[in-house]
Amino acid sequence: MSTEDFTLNAKARDDQGKGASRRLRHDNLVPAIVYGGEKDPQNIAIAQNEFVKHLENEAFYSHIVTLVVDGEKQDVILKDLQRHPAKAQLLHADFLRVSRTQKLTTRVPLHFINEESCKGVKLQGGVVAHSLTELEISCLPQDLPEFIEVDLKDAEVGHIVHISDLNLPAGVESVALSHGEDHDQAVVTINKGRGGSGEEAEGEEGGEE
């Protein structure tokens with residue numbers, strides 16, 4: 001779980017539609033919506049600069065955020081973010097209200113370590129192939145991890161890491177595995193490189209002498 005504390009200020013807005021959204025962006029505001037819980041969905045606007053500054057921290061994407069709308073605080077997580085395809089501009093954001101006492105379902109990034117130094121790559125010439133780069137999890141808000149680490153230090157060519165192999169933090173469970181073992185997807189594989197493994201190449205050279 002990340003120890004970061006994020007507070008994002010916003011103001012309620014009544015205007016809707018593409019024209020209203022364009023006017024907000026022109027004023028350096030990001031149109032957004034907050035929904036979920038026992039309250040009705042609410043359209044809000046967030047200062048572009050403040051929002052962008054928070055987004056520079058990866059933890060913001062998978063962390064409980066204190067959203068302050070006209071002085072009223074509520075716990076939320078970022079569910080969706082739309083960016084301009086050509087400009088450094090945020091177009092729209094969706095926030096989901098969460099309860100500290102109820103489990104939430106969200107996606108967190110996977111951090112792969114020791115990829116280049118593992119035996120399968122460094123000694124056997126293998127290639128790392130990622131099947132998943134994030135994982136859908138279920139947990140209480142206070143148990144929400146910033147990311148999940150996948151350590152490949154002992155991986156050899158042909159090795160496959162499945163969801164069930166991941167070391168999930170206490171209180172965190174995989175949504176896929178909750179549906180049964182047949183949903184145990186591959187996360188990452190060490191594939192054989194085009195030139196074969198380093199050990200094979202050495203064997204071939206030795207046979208020619």
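Among the listed residues L104, L132, which satisfies the condition of being under 15 Å from the mean Cα position of the chain (by Cα) and modelled with pLDDT under 95? Please lay out each step first, then the result.
Details: L132 fails: modelled with pLDDT under 95.
Selected residue: L104, the only one of L104, L132 that is under 15 Å from the mean Cα position of the chain (by Cα) and modelled with pLDDT under 95.
Table: residues versus (1) outside any strand (DSSP E or B); (2) surrounded by 15 or more Cβ atoms within 10 Å (Cβ to Cβ); (3) in the same structural domain as H63 (by TED's automatic domain parsing); (4) not hydrophobic (A, V, I, L, M, F, W, C).
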site: S117; (1), (2), (3), (4): yes, no, no, yes
site: G125; (1), (2), (3), (4): yes, yes, no, yes
site: L132; (1), (2), (3), (4): yes, yes, no, no
site: Q142; (1), (2), (3), (4): yes, no, no, yes
site: V150; (1), (2), (3), (4): no, yes, no, no
site: K153; (1), (2), (3), (4): yes, no, no, yes
site: V157; (1), (2), (3), (4): yes, yes, no, no
site: S164; (1), (2), (3), (4): yes, no, no, yes
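Here's a check for you: in the range 4-43, which residue that is of a type in the set (D, E) and farther than 29 Å from L104 by Cβ is modelled with the highest pLDDT? Full working, then the answer.
Step one: list which residues in the range 4-43 are of a type in the set (D, E), which gives 4-5, 14-15, 27, 38, 40.
Filter once more, so that each one left must be farther than 29 Å from L104 by Cβ: 15, 27.
On the way: D15: 77, D27: 93.
The extreme case among them is D27.
Among the numbered conditions (1) among the polar types (S, T, N, Q); (2) under 25 Å from H63 (Cα atoms); (3) over 22 Å from the mean Cα position of the chain (by Cα), the only one that S99 does not meet is (3). Total residues in the range 13-27 satisfying the condition of being surrounded by 12 or more Cβ atoms within 10 Å (Cβ to Cβ) and part of a loop (DSSP other than H, G, I, E, B): the figure is 2.
Considering the range 107-129, the residues that are at pLDDT 95 or above and of a type in the set (V, I, T) include one that is nearest to the chain's Cα centre (by Cα), namely I113. Report yes if some residue within the range 32-53 is under 25 Å from L144 (Cβ atoms) and in contact with a helix residue (DSSP H, G or I) (Cβ under 6 Å, 6 or more places away or on another chain); otherwise report no. Looking through the range 32-53, none of the residues is under 25 Å from L144 (Cβ atoms) and in contact with a helix residue (DSSP H, G or I) (Cβ under 6 Å, 6 or more places away or on another chain). Contact annotation: no residue pair with Cβ atoms under 7 Å, 6 or more positions apart or on different chains, pairs a residue in the range 87-110 that is in the same structural domain as E136 (by TED's automatic domain parsing) and without any contact (Cβ under 8 Å) to a residue 12 or more places away in the chain with a partner that is assigned to a strand (DSSP E or B) and among the β-branched types (V, I, T).
Residues in the range 11-44 that are hydrophobic (A, V, I, L, M, F, W, C) and either over 30 Å from C139 (Cα atoms) or touching a residue at least 60 places away in the same chain (Cβ under 8 Å) (or both): A20, L24, L29, V30, A32, I33, V34. Considering the range 42-88, and only residues there that are surrounded by 14 or more Cβ atoms within 10 Å (Cβ to Cβ) and part of a loop (DSSP other than H, G, I, E, B), the residue that is farthest from the chain's Cα centre (by Cα) turns out to be I64.
Applying the set (1) farther than 23 Å from L135 by Cβ; (2) free of Cβ contacts under 8 Å to residues at least 12 places away in the same chain; (3) not basic (K, R) to V68 leaves exactly one unmet item: (2). Scanning the range 141-196 for residues that are within 20 Å of E115 (Cβ to Cβ) and acidic (D, E) turns up E146, E149, D151, D154, E156, D165.
The values are calculated or read from the model by the stated rules, or taken from the named source; none is laboratory data. Computed from a prediction, not measured in an experiment: that's the story for all the values here. Counting neighbours? That spans all protein chains shown, and the Cβs are built from the backbone with ideal geometry, glycine included.
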